[in-house]
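Trainee: This structure is in structure tokens; I'll ask about it shortly.
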């Protein structure tokens, strides 16, 4: 049986794929006591509670991309990850790419979409608005001054961007970790055969897409 994996699916799981995410909502969905306490202490907004229930309904599986992925060696036909890699540190992204290579079959495809730093940079140079630029790249760490903020951070972890990429840098990253035939693709383009169920246009106004093979 062919396995196709979406890692870091967020609120956009791919139909017909195995969808993983590290959202605390998944842990809360699987931990009734922790979920009850989080609601009792009013650490969750209405939207976050709805997200927990959504993860239950859609059967999203918990996995941390910066750790060992819960899949066997050479078992996956292709991997898709959209707007997840930028949330990893430089050390963590190398762990993820090694794990991706481990679980992919020979000639299996890794497809990554990340926010395109070049798009944001071009906008900054055109408009000269530094504050808008900093807001768009989402690199500001959350505040941890109050007890509530510390508890929220304990539950959710850091959710801001830890690194930013353009087409050249993400391509080089994959090549340097052993992936072959790495190239940037236009929106709607893919080397994945029978890509039914895969959103090839996800966040196309702000993304760069790259694919490589094991």
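Trainee: Please enumerate the residues belonging to the range 150-164 that are in a helix (DSSP H, G or I) and modelled with pLDDT of 75 or more.
Mentor: Residues satisfying the conditions do not exist here.
Trainee: Out of 71, 104, 94, report the one residue that is over 13 Å from the mean Cα position of the chain (by Cα), modelled with pLDDT of 95 or more and farther than 28 Å from residue 196 by Cα.
Mentor: Residue meeting the stated conditions: 94.
Quick grid of which residues meet (1) buried (at least 22 other Cβ atoms within 10 Å of the Cβ); (2) outside any loop (DSSP other than H, G, I, E, B):
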| residue | (1), (2) |
| --- | --- |
| 9 | yes, no |
| 20 | yes, yes |
| 33 | no, yes |
| 47 | no, yes |
| 67 | no, no |
| 91 | no, yes |
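Trainee: Out of the residues in the range 130-149 that are at pLDDT below 85 and not in a loop (DSSP other than H, G, I, E, B), state the one that is farthest from residue 205 (Cα to Cα).
Mentor: 147
Trainee: Give the residues of the range 175-209 that are crowded, with 17+ Cβ neighbours inside 10 Å, within 17 Å of residue 87 (Cβ to Cβ) and touching a helix residue (DSSP H, G or I) at 6+ places or on another chain (Cβ under 7 Å), sorted by residue number.
Mentor: If the condition is that a residue be crowded, with 17+ Cβ neighbours inside 10 Å, within 17 Å of residue 87 (Cβ to Cβ) and touching a helix residue (DSSP H, G or I) at 6+ places or on another chain (Cβ under 7 Å), then 208 is the only one that fits.
Trainee: Could you list, in sequence order, the residues of the range 69-91 that are free of Cβ contacts under 8 Å to residues at least 40 places away in the same chain and closer than 19 Å to residue 112 by Cβ?
Mentor: Once the filter is applied, which keeps residues that are free of Cβ contacts under 8 Å to residues at least 40 places away in the same chain and closer than 19 Å to residue 112 by Cβ, the range 69-91 yields only 91.
Trainee: Condition first: more than 29 Å from residue 40 (Cβ to Cβ), at pLDDT 95 or above and part of a helix (DSSP H, G or I). Can you find one or more residues in the range 77-84 that meet it?
Mentor: no
The values are calculated or read from the model by the stated rules, or taken from the named source; none is laboratory data. Remember, it's a predicted structure, so these values are computed and weren't measured experimentally. When we count neighbours, we look across all protein chains shown, and the Cβ atoms used for this are built from the backbone with ideal geometry, even at glycine.
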